[in-house]
Amino acid sequence: MITKTLRTLSCIIWLSSCSQPVVDMDEISDNIGLEAMEAPVLAKEVAEGRLPPVNERLPEKPLVAKHEYAGFEQAGVYGGTWHNFHSGTDLGAWKMIGAYAPLIRWNWACTDLEPGLAESWSFNEDGTELTLKLRRGVRWSDGEPYTSEAFAFWYELCLDDRHRYAPPVWSRVDGQPMTVETPDAYTIVMKFPGPNWLVPLWLATGFWWCEEYNIPKHFMRRYHPDYSPNHNDFVAFEKKNISHRNADRPSLWPWHITKIEKGGFRIHLERNPYYYVVDDHGRQLPYIDKIVTSLVTESQVRVLKVLAGDVDCQFRDIELRDLSLFMEGREQGDYHIKMWKSAAGAEPAVNLNWSDNDPVLRTLIRNQKFRKALALGIDREKCNAIAYRGLLKPQAATVSEEAWHFIDKEGAALFELWKNTDAEFNIEKGNRLLDEIGLSGRDEDGYRLRPDGQRLSIVLDTPASAIIVQENDIGLIIAGGWEALGIEVVIFTPPGAELKLRRDLGEFTIHLHGEAEMDLFTYPDWVFPTSPRYWHPKVGKWYESGGEKGEEPTGVMKELLDIYDQIKQEKDLQKRHKLVQEAVKLHIDKGPFHLGTVGRKPMPVIIKNYFHNVPDEGILGPWAIVAPGISFPEQYYMDAR
Amino acid sequence: MSNYIKTHAISKVSESLTDKIEDARVDIGHLSYRKLIWRRFRKNRMGIMAGVILIGFYIIAMGADFFAPYHFNDINVLVRHVPPQALHYTWADGLHVYGLKSTQHVETLELIFETDATQIYPVIYFSYDARDQVRLMTSEGPMFLLGTDRMGRDLLSRIIYGARVSLTVGIIGVFLSLILGSVLGTMSGYFGGWTDHLIQRGIEILAAFPPIPLWMALGAALPPGWSSIQTYFGITIILSIISWGGLAREVRGKVLVFRDLDYAVAAQSAGAGHWYIITRHLLPGCYSHIIVVSTLAIPGMILGETALSFLGLGIRPPMTSWGVLLEEAQRVTVLLHYPWLLLPAIPVLIVVIAFNFLGDALRDAADPYSG
Amino acid sequence: MITYIIRRCLLAIPTLLIISIIGFVIIQLPEGDFLDRKIQELEEKYGDSSSIARIDELRERYGLDRPMWEQYTTWISGFVVGNFGESFEYETEVNDLIWDRLGFTLMISIGSLIFTYSVAIPLGIYSASHQYQWSDHTLTFFSFVGMSIPGFLLALALMVFVFEVYRVPLFGLFSAEYEGMPWSFNKFIDLLKHLWIPVIVVGLNGTAGLMRIMRGNLLDILGQPFVQTARAKGLKESVVVVKHAVRIAINPLITIFGMSLPNILSGSTIVSIVLGLPTVGPLLLRSLLSEDIYLAGTLLMMFSLLLIIGNILADIALAWADPRIRYE
């Protein structure tokens, strides 16, 4: 109440002292003083009567941007245009920065959840009912109120057969969908047929879920066949519902799209006057006025753009290979580099197909000693030197070290053990192991013979060097190592989607894939065989299809899946972490199921010297945690120049 | 590709002239046509030099195992991105290279190499390496005369091994075009009627296709399951697809003329079979023309393979060709920091220029009115 | 004459049709379709992402589950109304993407042609009239070098050289200030400032080749008896060369004009990929690699159309010059 009065008072005082000259959109305000509660450009519009005053635009209790990271300097000035580029037409790289508007947010350390658009949430006793209380007074970028009807509208579409949305997997329990009720404009109640404790994590994961479940009903209804006489199917609806293709669609982002140049080659965004987040002093965010992001598909053009100083701050699409070039260009380009992390446990991991089509290879791969021998045949130091210039660290394949399952002492020790088990390079030992399991016979070229008398030959699916040169290089190095073990390695390098098809159908024997995951509850499949990917295509298919297709799990696979089922039912967070650790122990004892090469890749972030408040360190690998979105990029600012 | 223009220009301009030569063939005295051409060719010094250079290249390419100091896939972590080392000669040590000292950049962990003049590694001739290959020149220490790439592989060796692919792609591709073009062109001109029509339309359609996009589309369509060798042949076929059309059209033109000449008609009325007439009477008249055209088409093929591999659509690693080497060099980092990786462009240039000179000389030799 | 032109134009239509079919088939030859590749690409870049699974559902919307002939007919029938289908990658009509780029492609191609002809012909004449002299040998040597340099390599080297010396990244056709802005005189000047490099690089091969041809043709003509006669009549050498010989020697070059067009267009493809120009080349490469079938198909068609038009123009020019052909 008091803050509200003070705010209104200060607004009135400021407005009445408004004798400032008309501010050009591109000028940066020197008015860093705490009296400016909103951007000068918006204040101008308020003065002209085109916008309601800031206290009416903000919700009753705006979200306060946190900055518990090193690198935050101070509250910033308003103004400026942030130029950057993206390499994919889906605008994913930008959305990781400026499209994180979820009901519930991950905190910066990824150790907890915090309120977003929802002020609070709570489960009932047995986890079958989740109630969310929305922040009151939040508005869409066109001024219309944001209420629970957005979520309800989304779920309506999910249940509608004519629309391609379906109730998401995480909302189902044993295949049964949830029901969504909205008793009032600021309450959402999700009812599940059974306990579904992980839902809040899902609501906070990625920018894609919050993009989907926040639909501006007041805008989209005119394309909905049930609400509008002009349309009798969802074709137009789907087109208009794509946020990065439709500048008219209202959004909840800090900057909303104002102009999309033909084909999406350049996208202009401007501050959202109704943005619901403020800084420590109650000033409405974002500080920066405009964003211009260009589509640059050629990697070398991106390099030149950075060197020429054309980007103000760039998180992704910067390759480690060009690091020395970027370092040299710092002075000339007037930028500095902060080294963030990929938090990858394996770049790449070597996935062995647990259910290989060839029965002999299948038996071999299921033999722990065989897998250990293969692990001994990977020269990790060499991989590191060649592919990454020694900037990464050799290790066994793990998920992210920073994952919140391994924060406690026990967990940290367990992770250390996991990292270093089967991370050795020793050809002699590997050869001995292979001899021990009955592969000591050799053919005339020196390759080992399988139990059925044929030459032991393995196909290694490797992405083409044009796609990921590091993985291609590492594939060659691994092949060399295994050849020394007496195994013939055939490198298979298809361009395009053939690789993925083979993976999904489980027709590969070995393939390479980068491994980075911060939360195994929502994305368990590096450790638990829950989906037809990575090293468990067929068992995963069985789990995903509810037992209808794929291969039924036995032994260790079954153990792992049982643990995951327990996790889904477990209410207590700490107990859940313990269950994950149990599963990791299984990997250490009975594994390795997938082999590691090197991990923990540094990822350079290019930041101009006049650009501030960017965290010194962050995690850019796994997308589920939406970095740098979780650092509130709306509180980055640029100096007045 | 510009040779494509050339061949057409030649055909249109010198058609009338070469017709006269063919007539002369039947009349000339004791020197055969071929000997005449050879004599004239010998006078063209540029042509001879080009021919010698090319023969040299092919010998080195075929004997890659012997001429190259290293294998093309010898990965060596310790010598990544080494700049070219100089060969020195002193009376005492013979040919030798100096040793290398490496330091690591603190922030970027890049290796920086300096020559260490205190260490001298003399060149060793005709020795066996680890794979039991006899190599012309090796050394106990690192001997990277053209530097190394990002995996520590010797660039000179990779260029030599790459020559095997790049040079043969041209020859085989042209050979394929030749066969296809000559056969189809002859059939077209000789049989006339529907065969002619069909083949002509086919050629036109192919000609209406822009070559690079067509190559790109076909290159992208190469089945991924193919091994490097199969991909190599696939690329050769793709490259030859474009050029056989032009050759076919010219051969057809020739055949149309010869078909009605006296000796051909005579043979026909004597009861000779089609095949006999084609091979013994018609085709030989085209030989000189075919040879010239082929020689001029080879560089186009080589450049085509280079371009395709450069785009990533051609030869795939671990096989290497000049195009693959250039593709690895097309990064700003490379161009600014490791410019020696662009050296494969030079053999491409030399070979293409040489082929052009050779073809030019052959054409001049076959044309009595020049000079 | 008119009937000849009409006949050629009419013949072009079935040719284009067949090309479109062949092109369409070739584009779809690689395994999988656009969505497979898209998902693959997203996964490789961004790791696991749940939204990717949803993209699978777009298969129906994009019509990727329908048989090829149906996709083809839907696409081709749209040509009549100027609808070239939709690009999956850019999620817009193909129409919106191609016209600007075609414009720039044409600009560069025509610029290269002008450059080529205006440089090669005079140089060729000079070279022929000073045959075997020092200047001839130098020009010959440089023309061979020019014919042999792969365009993309030259582009790359130039780009880096300019960057090192002038610190100006020479990609794209516009400087940062003018990009995306509406057309103005200044923007046009900026365009010209960037245009000269692609034009020269693309045109270099052709220029060198054309010079050689011009020289060769002129030499052939100069060796003919009627030239000797002209000289004997006492005409000045320059008159002999220009008025009599060049006029005849140029004839074949008109044919070549039609042949140069594919080379120029193709050459500009790779060069523009290297230099990141907003032309058809980079768009085509990407669309081929991602199997963006309608975009790739349309671009191939456009290319072929330009080629056919070029050929027709060349043939018309030739027919106009040489009456024998008209009456074929």
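Just so it is clear, none of the values below were taken in a lab; they were calculated from the coordinates. These numbers were taken from a predicted model, which means no experiment stands behind them. Cβ placement follows ideal geometry from the backbone for every residue including glycine, while neighbour counts extend to all protein chains displayed.
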Seminar exercise, completed: Going fewest to most other Cβ atoms within 10 Å around each Cβ, B:M137, C:M302 line up as B:M137, C:M302
Exercise. So for the pair A:Y227, B:H274, with labels modelled 7 Å out along Cα→Cβ, what separation do we get in nm?
Worked result: 7.3
For this session: Using Cα centres only, tell me the gap between region A:64-84 and region A:374-415 in whole Å.
Result: 33
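Could you list A:F234, C:F141 in order of exposure, starting from the residue whose Cβ has the fewest other Cβ atoms within 10 Å?
Details: A:F234 19, C:F141 13.
Starting with the residue having the fewest Cβ neighbours, the order is C:F141, A:F234.
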Exercise. Between C:D96 and C:L313, what length in nm is gained on full extension when 0.36 nm per residue of separation is reduced by their alpha carbon distance?
Worked result: 75.3 nm
Seminar exercise, completed: The lysines whose Cα lies under 18 Å from the Cα of A:K571, excluding any fewer than 8 residues away in the same chain, are A:K191
Seminar exercise, completed: For the table A:K429/C:K38; A:K290/A:K500; A:K338/A:K419; A:K259/A:K541, the rows whose alpha-carbon distance is greater than 31 Å are A:K429/C:K38; A:K290/A:K500; A:K259/A:K541
Seminar exercise, completed: Nearest 10, in degrees from 0 to 90: the angle of helix A:555-569 to the longest Cα principal axis of chain A is 20
Exercise. Direction-averaged shadow area of the convex hull around the Cα atoms of chain A, nm²?
Worked result: 30.5
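Could you please rank B:Y232, A:Y227, placing first whichever residue has the fewest other Cβ atoms within 10 Å of its Cβ?
Starting with the residue having the fewest Cβ neighbours, the order is A:Y227, B:Y232.
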Seminar exercise, completed: The lysines whose Cα lies under 18 Å from the Cα of B:K35, excluding any fewer than 8 residues away in the same chain, are B:K20, B:K43
Seminar exercise, completed: In degrees rounded to 10, the 0-90 angle between helix A:409-420 Cα long axis and the longest Cα principal axis of chain A is 50
Exercise. Kirkwood-based Rg over Rh for region A:104-223 (C-alpha set), two decimals?
Worked result: 0.95
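Using 18 Å as the Cα-Cα cut-off, could you pick out the over-long pairs in A:K262/A:K608; A:K372/A:K578; A:K217/A:K239? Walk me through the numbers before you get to the answer.
Values: A:K262/A:K608 29 Å; A:K372/A:K578 26 Å; A:K217/A:K239 15 Å.
Beyond 18 Å between Cα atoms: A:K262/A:K608; A:K372/A:K578.
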Exercise. When the helix-only estimate is applied to chain A (DSSP H runs of n ≥ 4, each -39,500 (n - 2.57), divided by the residue count), what is the mean residue ellipticity at 222 nm, nearest 500 deg cm²/dmol?
Worked result: -9000 deg cm²/dmol
Problem set entry | Distance between modelled label sites at C:R8 and A:S457, nm, 7 Å Cα→Cβ extension | 5.6
Exercise. Just for the Cα atoms in the protein assembly as shown, what are the lengths along the principal axes, largest first, rounded to whole Å?
Worked result: 114, 80, 67
Seminar exercise, completed: Rounded to the nearest 0.05, FRET efficiency between A:N367 and C:S238 (Cβ-Cβ, R0 56 Å) equals 0.05
